[in-house]
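Report on the structure given below.
Coordinate-derived values only; no laboratory data. Since the structure is predicted, the reported quantities are computational estimates derived from the model, not experimental observations. Positions of Cβ are generated from backbone atoms using ideal geometry, with glycine treated the same way; all protein chains shown enter the neighbour counts.
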Amino acid sequence: MSAETAGSIPSTHTPNVRMLKFAEALFVPLVALLVSAVLFSLFLLIIGKSPVDFFSLVWTGGFGSSFSIQQSLQRSAPLILAGLAFAIPARIGLTIIGAEGALVLGGFAAAAIAIPLVTFGIPAPLTWLLMALIAMVTGGVWIGLAGWLRHYRGVNETISSLLLSYIAIAIMNFFVEGALRDPASANKPSTMPIGDAYRIGSIPGTDVHWGFAAGIVLAIALYILMSRTTFGFAARMTGGNVRAAQAQGLPVGLLIVSCCVIAGCCAGLAGFFEVAAIHGQANASLVAGYGFTGILIAFLARHNPLAVVPVAILFGAIAAAGGLVQRRMGMPDATVLVLQGIIFVVLLTSDTLYGRLKFFQPPVGGDRT
Amino acid sequence: MDNSIFIVLIAMLGGAIRVSTPFMFVALGECLTEKSGRINLGLEGNLVLGAMVAYAISFHTGNPWIGVLAAGGSGLILGALHGYICKLPKVNDIAVGIAIMSFGTGVAFFFGKPYIQPSAPRLNSIPLGDWTGNASLAQALQVNPLFFVGILLAVLMSWAFANTRWGLIVRMTGDSAASARAMGVSVDLVRFIATTIGGMLAGIGGSFLSLYYPGSWNQGLSSGQGLMAVALVIFARWDPIRCIWAALLFGAAGAIGPSLQSVGITQGYYFFNAAPYILTLFIMIASARSKGAAREAPGELSITK
Amino acid sequence: MSQFNLSRRSLLKAGAAGLAAAALPMGYARAQSPIVLGAVYVGPRDDFGWNQAHSVAMEILKQVPGITVIEEENVPETDAVSQSMESMINLDGANLVLATSFGYYSPFVVELAKKYPEVQFRHAAPLWKEGDPTNAGSYFCYLNQGHYVNGVAAGLSSPTGKLGFVAAKPIPSVLSNINSFLLGARKSNPNATVQVIFTGEWSMPVREAEATNALVDAGCDVIGCHVDGPKVVVETAEGRGVKTCGHNASQAPLAPKGFITGAEYKWSTIYSMYADLLAKGEPLPNFVAGGFHNDMLQNTPYGAGATPEAIAAADAAITDLKTGKPIYVGPLKDNAGNVVIEGEMDNYDPVLDGMNYLLEGVIGSIT
């Protein structure tokens, strides 16, 4: 029902129609954001706070200076990858909500493989490459397993990926507090730190780490894969109707498992960057909820890999601004949760407007149902 | 050693009775919603909001049962919100569910701040095990009335699905919207009502958390129980009675970790604590391809296509 | 500097004024500039536990003229904490940051301290060591002294001598609390044991309640705990009719029948000391360690669960701790039979910060 909306515009449309569609895709979310702002202002007025203060602080904290913008981008880095991890399986009709587990396990695997590599003094770029690879493989296997169980054993992928996610966290905790614990990590059990020399730094001229760039590159690559290749076409067709795809002779099982593996790779890569750019080791802080935020980001981006990027940045900005709001207005952290909740609900509700605003419809008739 | 096994078994029995009730209510609510052909992943939000509202109202009124009612009311509102939004064309029910989860927990955390510290009146339990003469067995058999309400509800739902006009309408709406429409049934209305009542049940489940077990309100109270309960419905194959078994199994498995530590089996407690998840996964894999698995899923569900 | 190194544990005893002056660049020497203090909490400020203890004490700093306090809660121990602290510095002009969670220190506080040498960072765990940035520092209250007092009182309030302990994670600060609880109990009852159950999470109310029930089922008649919010443990134990010891804040009203006493922080002592120094324009010490001897801990007023002998013994134990009487007196074995402590350990000996064993008499395992 949902997956076919965004990407499957028939290519026979004239450029003019494409422009209209694009304008609609910009207009609807903007209206939704405006409505959310109005609703949230009402909430603020009821509890006796000033909406003007609030939104000017959100602007300052999210986008108001180059510092704020960099913060927003940095915070969005894991979210882009997590969003992709949900969006890709969604295109083939799967609801995978276990990216969190693949992220955690991928990050853990990267930190674990780094221990011998760093000990033997393998050059940093090669170490990163191996860490990233093992993280992606681990994540890919983890989500791929959910896809495999779905297709070959008939196990519902939503529940299995959620369960696998809890199990992944238990595995990580078991090793981090047991066999692979760095004895020096006294009060915060962690694996051996990779050390400053092996930390991935920031993109030159910024404070934003390389995970952000990787996210953008992957988003573009996956957009091309899903929209411009036979693989993507077959996957979308399977997402639209599995039986029809099977009747056409498409390798449905392979497609499903592949999409899941891609998703797991994205999540695992996010875990790698958390370890290599942020923590320098694996510990319980890897469990930060990025995987779950990614689900909403993907939905708001209508499972379009390119759209995941701006939506993730918006989320990053809200998170960055949330801190400023807390500090300046003395409001609890839950304020941002309420705002996010309102934005989600309104944005998703606005989906119903697509195709119903006359202004954006092609002049000759319409494909109303 | 026999004694240890006995202790663990009693703990599992007690855990099943103590921990299962919120799972039961959320799962039954979700079962009703999904039977009508819609999925509401957001019942975690109803659960958390229900827990907060129940505690707050019990604190102010001094009567925990009013708190339970209020929790049902708050869940009802969130459920109705979900039901209404998903009625609109092109709106994805799974996504709206996750959005409502975020909204519900946000509201609960925001307004729940003043209730973390005070002590509110809790629900009482019925001592059913005093005849055993064994203190821990008697304790395990302290049962909250909501536990029985949940079981009764499951029996009632199961009977109603099979034998009443209403049950038939809900099932038909879930299996094929087209044929329901052909019979003159308003699909949107049926789903709206099913989602609303489902939301209410989840809210009541929340009141059990804050007013009975563990019997406290704070932000970490639920730790994902609502999400897991939604998953249990798929595990239970949309059968209210099996939802009860699933909830009991999950509650019992949750008691394994702490009770094994209490009898001295302490190695690898992370895995024992993850036992409910591991067990559920294995049972799902083992039973997935059994006959009729596909037949039992409501045909209209977007999650089982 | 070597003198400094040796006595880093007793900074407060020696009086903060003369210390570490060399370590501070400019900053507060110019005094009169306004101070913006940023406080970061890992959970909600009103969690009835660790964060609330800090937040309540922070109110004292808000009273000091010339100090603006800005606070941010629910900041996870990830990149988010760097971002928050940096945002405080850049957008709010914070020049003193108090980071109140263990996991904030490395790498986050350390890296920011290098990046912003003109900003002071203080972190609530005994982690700062020589070689770390001099504009960073640590402050910590050794709550295990409080759990020792709990143990002394519990040992004399328990008919069976079987004590239980619900713990979050097997990390040194938790293990030290468990071991001190045992040593306190053994002081008054040489046969006492402490059975421990780890929940694996700082806050997991259902599992905490299950663990409490499991301990009571196993025959424990006094329950102590170290989790973020002890409310669930204390109320569950009270409901089962056993006695309890508190942690972090006063849980006495939650258990009118069985509450014995509890271990509480007094962060206000450290924060007032900081406020005084800041007001005078003097540098903050790099390391502050506290316990009963310098008024950084207190025990919750005794509840109905404490027997008169228990009260007398606990009061005596506090007096002993104030004079520096050590808790860990060797030879002590861990519960696998290895000797882990040979002689007498000072209560602030850094070796204890790395504790990774449970003492003989504790039933449980850390893996």
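Taking packing as the residue-averaged number of other Cβ atoms within 10 angstrom, the listed peptides C:193-201, A:51-59, B:51-59, C:290-298 run from highest to lowest as B:51-59, C:193-201, C:290-298, A:51-59. Compactness of region B:2-296, taken as the C-alpha radius of gyration over 2.2 N^0.38 Å, stands at 1.01.
About its Cα centre, the dipole of region C:52-151 is roughly 300 debye, where the only charges are +1 on Lys and Arg Cβ and -1 on Asp and Glu Cβ.
Rounded to the nearest 20, the size of the Cβ-charge dipole of the protein assembly as shown about its Cα centre is 2620 debye, with Lys and Arg at +1 and Asp and Glu at -1. Along its three principal directions, the equivalent ellipsoid of region C:114-201 from the Cα gyration tensor extends over semi-axes of 36, 13, 8 Å, largest first. Determine the shape class of region B:1-97: with a ≥ b ≥ c the square roots of the Cα gyration tensor eigenvalues, call it rounded for a/c under 1.5, and otherwise prolate if a/b is greater than b/c, oblate otherwise. Taking the square roots of the gyration eigenvalues as a ≥ b ≥ c, region B:1-97 is oblate.
Per-residue mean of foreign Cβ neighbours for C:226-237 is 3 (Cβ atoms of other chains, 10 Å radius).
Placing unit charges on the Cβ atoms only, positive for Lys and Arg and negative for Asp and Glu, gives chain C a dipole magnitude near 600 debye about its Cα centre. Rounded, prolate or oblate, given the Cα gyration tensor of region A:73-330, with a/c below 1.5 counting as rounded? It is prolate, given that a/c is not under 1.5 and a/b is the larger ratio. Exposure proxy ranking for C:Ser173, C:Ser180, based on other Cβ atoms within 10 angstrom of each Cβ and starting from the fewest, stands as C:Ser173, C:Ser180. The value obtained for the protein assembly as shown, namely the Cα convex hull volume divided by the number of residues, is 172 Å³ per residue. Farthest towards the positive end of the charge dipole of chain A, among the residues A:Ala270, A:Ile169, A:Leu300, is the Cα of A:Leu300, using unit charges on the Cβ of Lys, Arg, Asp and Glu.
Within the same chain, lysines fewer than 8 places from B:Lys90 are excluded, and of the rest, those with a Cα less than 24 Å from its Cα are A:Lys21, A:Lys358, B:Lys35, B:Lys305. For the residues of B:273-282, the average number of beta carbons from a partner chain within 10 Å of their own beta carbon is 5.
Just so you know, the Cα atoms of chain C work out to an Rg and Dmax of 20.5, 62 Å. Take every Cα-Cα distance within region A:311-351, group them into 5 Å bins from 0 onward, and report for each bin the whole-number percent of pairs it holds. Taking all Cα pairs of region A:311-351, the binned fractions are 6, 23, 27, 24, 13, 6, 2 percent. With the charge dipole of region A:73-330 set up from +1 on Lys and Arg Cβ and -1 on Asp and Glu Cβ about the Cα centre, the Cα lying farthest toward the positive end among the listed residues A:Met237, A:Ala317, A:Gly289 is that of A:Met237. Within the same chain, lysines fewer than 8 places from C:Lys187 are excluded, and of the rest, those with a Cα less than 28 Å from its Cα are C:Lys13, C:Lys162, C:Lys169, C:Lys231, C:Lys243, C:Lys257, C:Lys266, C:Lys322, C:Lys325, C:Lys333. The translational diffusion coefficient of region A:179-261, from Stokes-Einstein at 25 °C and 0.890 mPa s with a Kirkwood hydrodynamic radius over alpha carbon pairs, comes to 146 µm²/s. 3J(HN,Hα) along region A:290-301: 4, x, 6, 4, x, 4, 5, 4, 5, 5, 5, 7 Hz, from the Karplus curve 6.51 cos²θ - 1.76 cosθ + 1.60 with θ = phi - 60°, whole Hz, x for Gly and Pro. Full extension of the chain between C:Lys114 and C:Asn338 gives 76.5 nm of extra length, using 0.36 nm per residue less the Cα-Cα distance. In the frame of its principal axes, region A:46-183 has Cα extents of 51, 46, 28 Å, reported largest first.
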